[in-house]
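Written below as structure tokens is the structure these notes are about.
Just so it is clear, none of the values below were taken in a lab; they were calculated from the coordinates. Computed from a predicted model, the values in this text were never measured in an experiment. Quick reminder, even Gly has a Cβ in these numbers, built from the backbone with ideal geometry, and neighbours come from all protein chains shown.
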Amino acid sequence: MGNENLGDTPPAGETDMARKAAMALLAQATVQEMKDFWTHWADKPQVEALRGPETGLVMMRGRIGGGGAPFNLGEATVTRATVRLGNGAVGHAYALGRSSEKVRLAAIFDALWQEPAYRQTVEDAILAPIKRRLNDHLENRRAETAATKVDFFTMVRGDN
């Protein structure tokens, strides 16, 4: 007997990485996006707050050149929440800033994402639009940056 993957459930490591990616996208959503997603979510579950939303500070650390000795860069405001759905699924969310509504909704969508019956719906209806917006923003920034590019060249004069 090996560690074969039975059924449609991905291996635990793949699920963990996919969940981290989903949570990262939820953290980058805007408050308005989260409210709109929730408004259009047809089958709203019963939600119990287990923790928060609560806001606090975290120390940000940095490194010179990416590999030097770590140093304290400063503090950032972070809001977190943990919720339990009526079916027992528990969701967590953290995000920079003070938006308790955004983080509460992100925790709900995290819990829904963990349910195989809702995962694809969360991926398509919530995560995909966030990812599209972020990619569009990145492409716009790249285009703006490319428009300011200056090509320098050296011209050789004579045999000096």
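Modelled label positions at ALA147 and THR30, each set 7 Å beyond Cα in the direction of Cβ, lie 2.0 nm from each other. I'd like to know which of ALA93, THR39, LEU112 lies farthest towards the positive end of the charge dipole of the chain, counting +1 on Cβ of Lys and Arg and -1 on Cβ of Asp and Glu. In the chain, that residue is ALA93. If exposed trypsin sites (Lys or Arg not before Pro) are those in a DSSP loop with at most 15 other Cβ within 10 Å, what is the longest stretch of the chain that has none? My reading of the result: 1-97 is the longest stretch.
Segment VAL90..ALA18, full-extension length gain: 24.3 nm, with 0.36 nm per residue of separation and the alpha-carbon distance subtracted. Lysine pair count for the chain (Cα-Cα distance under 28 Å; residues 8 or more apart in sequence or on different chains): 11.
This structure gives Rg/Rh (Cα atoms, Kirkwood Rh), computed directly, and of (1) 1.16; (2) 0.95; (3) 0.93 that value is listed as (1).
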